[in-house]
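The values are calculated or read from the model by the stated rules, or taken from the named source; none is laboratory data. In this text the structure is predicted, and so the values were computed from the model without any measurement. Don't worry about glycine lacking a Cβ; one is built from the backbone with ideal geometry, like all the others, and counts go over all protein chains shown.
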Amino acid sequence: MRPFIYQTHPQRIVFRAGALATLGAEADTLHARKLLVLCTPQQRDLAERAAEVLGARCAGIFDGAVMHVPVEQARLARSCAAELGADAVVAIGGGSTIGLGKAIALESDLPIVAVPTTYAGSEMTPIFGLTEGGLKRTGRDARVLPRTVVYDPDLTLGLPVAMSVTSGINAIAHAAEGLYAGDRTPVSDWMCREGIAALGRALPVIAAAGGERDSAELRAARSDALYGAWLCGAVLGSATVGLHHKLCHTLGGSYNLPHAETHTIVLPHALAYNAPAAPQAMAAIAAALGRPDATGPQAVFDLAASLGAAVALRDIGMREKDLDRACELALQAQYPNPRPLAQKEIRQLLDDAFHGLRPG
Ligand SMILES: NC(=O)c1ccc[n+]([C@@H]2O[C@H](COP(=O)([O-])OP(=O)(O)OC[C@H]3O[C@@H](n4cnc5c(N)ncnc54)[C@H](O)[C@@H]3O)[C@@H](O)[C@H]2O)c1
């Protein structure tokens, strides 16, 4: 047995279809009396449903969450919470909304109740990100870890198929890198395999359902996908991820590429780069995806391609002339990775991802 340190985060997880109805009771468990509900403008209706469930406990709704948490939005949301005398926030939505909740908690210590509606996994991590002047700064702080997470698969029934696929593969990325993290444990290894397998089973069912929103099979798949996202998010919260997350952070932050799509495209290539140094992790990924005939990187690539996701960076707005600089930026800081970082090979990785080649 490898030696390990296993540290758990203090969080309460509620998981069931219809769990949104428990929001008031969950607020009471935290002794919260005045909760500010956060959302994007697109998810205002959902925030209003949450406000209705909270009843008199709702202090107001702030619907200004946007991707990558610009500091200006964080300031507005903090002032709104202070003016309303909020004693907790409810972040209902994807990683951007939960990120805004974290920006408030970072300066105020207000507890967060997260109600995730994508598979990004931010609700399970003490990681925050703030963007200022085009630069995204991230950090870890125990204060931003949501105290309570309410997983309600019903809230994901309307998540568009394309977003479901890329968000699901974003979650798989956390677990894939968790499988070769230096600080992994036997428990996190299990969570990685189980999380990847749950998403690998669920995403094809969700994609096949197309625009359909209600069938027993789809509900089961949505539930499985959210369960997988929970496990993968928990891995991101506790393991130190490597090259893949660093590349996506650089590409997203510096070239404003969409978060989940970027993860989906880069993951097979980052895994192929690390494969020689982490063969067991690759075998575990292929097995979890039910593809013993393929390598781990190929299994991830095939999953994305077969479900209609973009597989080339050039198709989501990356310019070929920016690849050299992106490579330089990704290599600037040292970070843990199973295979040492080599300039020429990482530049090749970016080229392969740019053109959407299937890993050999
Ligand atoms: N700190 C962390 O640990 C962590 C982890 C993962 C992602 N993130 C951050 O989260 C952000 C990306 O989050 P994301 O991929 O969840 O996207 P997002 O939160 O930006 O959501 C994208 C769009 O989808 C909408 N949406 C969300 N759920 C929906 C649903 N069920 N139905 C219909 N529309 C829905 C949102 O309102 C938004 O308009 C990035 O900024 C990323 O850096 C942070």
Subset of the range 301-360 [under 23 Å from Met282 (Cα atoms), in a loop (DSSP other than H, G, I, E, B) and among the hydrophobic types (A, V, I, L, M, F, W, C)]: Leu307, Ala309, Ala310, Val311, Ala312, Leu341, Ala342, Leu357
Residue in the range 93-115 that is under 25 Å from Ile196 (Cβ atoms), touching an Asp or Glu at 6+ places or on another chain (Cβ under 6 Å) and of a type outside the set (A, V, I, L, M) present: no
Residue check, Arg75 part of a loop (DSSP other than H, G, I, E, B), surrounded by fewer than 18 Cβ atoms within 10 Å (Cβ to Cβ) and more than 15 Å from the ligand (Cβ to nearest atom): no
Considering residues of the range 105-135 that are assigned to a loop (DSSP other than H, G, I, E, B) and away from the ligand (no atom under 12 Å from the Cβ) only, the residue surrounded by the fewest Cβ atoms within 10 Å (Cβ to Cβ): Gly133
Residue check for Ala19: assigned by TED's automatic domain parsing to the domain that holds Thr148 and within 16 Å of the ligand (Cβ to nearest atom): yes
Among residues of the range 87-104, those that are buried (at least 24 other Cβ atoms within 10 Å of the Cβ) and away from the ligand (no atom under 11 Å from the Cβ), counted: 4
Number of positions in the range 42-65 that are in contact (Cβ under 8 Å) with a residue 24 or more places away in the chain and part of a helix (DSSP H, G or I): 9
Count - residues of the range 179-208 that are over 17 Å from Thr117 (Cβ atoms) and assigned to a helix (DSSP H, G or I): 19
Of the criteria (1) within 15 Å of the ligand (Cβ to nearest atom); (2) of a type outside the set (Phe, Trp, Tyr); (3) touching a residue at least 24 places away in the same chain (Cβ under 8 Å); (4) part of a helix (DSSP H, G or I), which one Arg213 fails: (4)
